[in-house]
Amino acid sequence: MRKKEVQLSRLVNHSKPRAVFNAVKKIFLYYYPKNEFSIVRNDFKIVKDLFGGDFIGYRACNTEYHNLNHTMDAMLAAARLIDGYNLTVRVMDCRTVVRLLLAALFHDTGYIQEVWDTIGTGAKYTKTHVNRSIVFIEKNKQKLGLSEVDVQIIGRIISCTGVYVNWNELSFKTEEERIAGAMMGTADLLGQMADRLYLEKLLFLYYEFKEAGIPDYNTEYDIIRKTLDFYEITKKSFEGTLLKVYKYARAHFKERYKIDKNLYIEAIEKHIDYLRKIIADSSTNFRKKLKRRVGQA
């Protein structure tokens with residue numbers, strides 16, 4: 001009998017932020033004291049409130065691609081990379097790990113509008129959201145329980161998610177901090193591109209790009225077509241600037257689930273293969289080939 005294929009999306013209920021958070025916590029506790037996780041727990045609640053419109057001074061998240069679910073997917077991907085690194089290289093310093101997990105929580109807060117900002121959606125900040133996310137943690141550092149040193153380091157880690165970031169300008173203080181930055185940049189990409197509904201959500205991303213005035217995205221089909229090029233660029237980043245840290249995911253899945261595969265890369269490549277089929281078949285409108293509904297379990 002053929003062994004049933006394990007899907008990444010079935011390991012954790014990604015539609016439930018609390019379930020994803022608990023998976024992150026479980027990984028953390030394999031190596032570090034429970035009390036060190038308290039700031040992550042507290043800031044998870046704050047970020048959850050922020051995206052839900054319950055953080056004073058800010059509106060609820062109104063971007064359908066860069067939402068709380070994506071934030072949590074990136075956080076879980078970061079935790080899995082940490083686990084794989086700890087299993088195969090050495091155990092990362094606890095403070096570095098905490099700062100990386102917090103960076104994952106905060107990395108898209110720049111899409112959230114303040115209460116006075118009632119024009120359009122947070123998507124208009126696509127080009128500047130990374131810097132806005134860093135400004136958010138600086139402005140709210142006391143509520144978030146962060147020192148000025150925390151803000152500086154977390155800010156550098158968040159900067160690693162920027163599409164056009166110049167790594168030579170980030171001034172990492174240690175090699176481990178640089179690795180944490182690479183993990184953040186990688187986790188951001190793995191979390192979104194391996195999402196079971198990634199292809200359907202690309203249409204949300206198109207409208208975010210359109211509002212932000214990103215050039216060369218004139219139709220929904222443009223983002224479908226350009227995603228193939230984006231993946232080629234992403235692969236080069238994985239192997240270069242991002243220090244090949246994506247490979248640590250495989251050690252995590254092997255140790256925790258007895259699956260000797262990188263389920264993130266496997267899921268992404270299935271999406272890309274399907275995109276190629278969509279583009280090759282001009283007989284049917286591409287929307288009809290994206291049948292799953294966002295929010296479906």
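Nothing in this text is a laboratory measurement; each read-out follows from the coordinates by a stated rule. None of the values given here were measured: they were computed from a predicted structure. In this analysis, Cβ positions are derived from the backbone assuming ideal geometry, glycine residues included, and neighbour counts consider all displayed protein chains.
Numerical summary
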| item | result |
| --- | --- |
| Top of Asp281, Asp260, Asp108 by mean-square fluctuation, Gaussian network on the chain, Cα under 10 Å | Asp281 |
| Rounded to whole Hz, the Karplus (6.51, -1.76, 1.60) HN-Hα couplings of the range 89-101, x for glycine and proline | 10, 6, 6, 5, 4, 4, 5, 4, 5, 4, 5, 5, 5 |
| Derived scalar couplings ³J(HN,Hα) [the range 46-56; Karplus, 6.51 cos²θ - 1.76 cosθ + 1.60; whole Hz; x for Gly, Pro] | 5, 5, 4, 5, 4, 5, x, x, 10, 10, 4 |
| Extension gain (nm, one decimal) between Asn35 and Arg225, 0.36 nm per residue minus Cα-Cα | 63.7 nm |
| Two-site label geometry, Lys254 and Lys143: point separation in nm, points 7 Å out along Cα→Cβ | 4.4 nm |
| Helix-only mean residue ellipticity at 222 nm for the chain, each DSSP H run of n ≥ 4 adding -39500 (n - 2.57), per residue, nearest 500 | -18500 deg cm²/dmol |
| Residue-wise HN-Hα coupling along the range 197-206, computed from phi with Karplus coefficients 6.51, -1.76, 1.60 (Hz; x: Gly, Pro) | 9, 3, 5, 5, 6, 4, 5, 5, 5, 4 |
| Segment Arg90-Ser9, extension gain: residue separation times 0.36 nm, minus the distance between their alpha carbons | 26.4 nm |
| Distance cut-off 25 Å, percentage of C-alpha pairs in the range 160-297 lying past it | 36 percent |
| Charge dipole (debye, nearest 20) of the range 1-135; +1 at Cβ of Lys and Arg, -1 at Cβ of Asp and Glu | 600 debye |
| Selected from Ala23, Asn166, Leu76, residue furthest toward positive end of dipole (the range 15-289; charges at beta carbon) | Ala23 |
| Distance between the range 161-187 and the range 36-89 - C-alpha centres, whole angstrom | 18 Å |
| Residue (of Thr109, Tyr85, Gly57) at the positive-pole extreme of the range 15-289, dipole from beta-carbon charges | Tyr85 |
| Kirkwood-based Rg to Rh ratio, the range 166-227, C-alpha trace | 1.12 |
| Theoretical gain in end-to-end length, Lys261 to Asp117 [0.36 nm per residue, Cα-Cα removed] | 47.3 nm |
| Kirkwood Rh, Cα atoms: Rg over Rh of the chain | 0.95 |
| Relative contact order (%) - the range 107-265, alpha-carbon pairs under 8 angstrom, separation at least six | 20 percent |
| The chain: most fluctuating residue of Glu269, Glu211, Glu232 per GNM, C-alpha cutoff 10 Å | Glu232 |
| Distant-in-sequence amide H partners of Tyr58 (H built 1.01 Å from N, under 5 Å) | Val115 |
| Formal net charge of residues neighbouring Asn67 (Cβ-Cβ distance under 12 Å; K, R +1; D, E -1) | -3 |
| Length-normalised contact order for the range 15-289 - Cα pairs under 8 Å, 6+ apart - percent | 21 percent |
| Unit charges on C-beta of K, R, D, E only; dipole of the range 15-289, Debye | 780 debye |
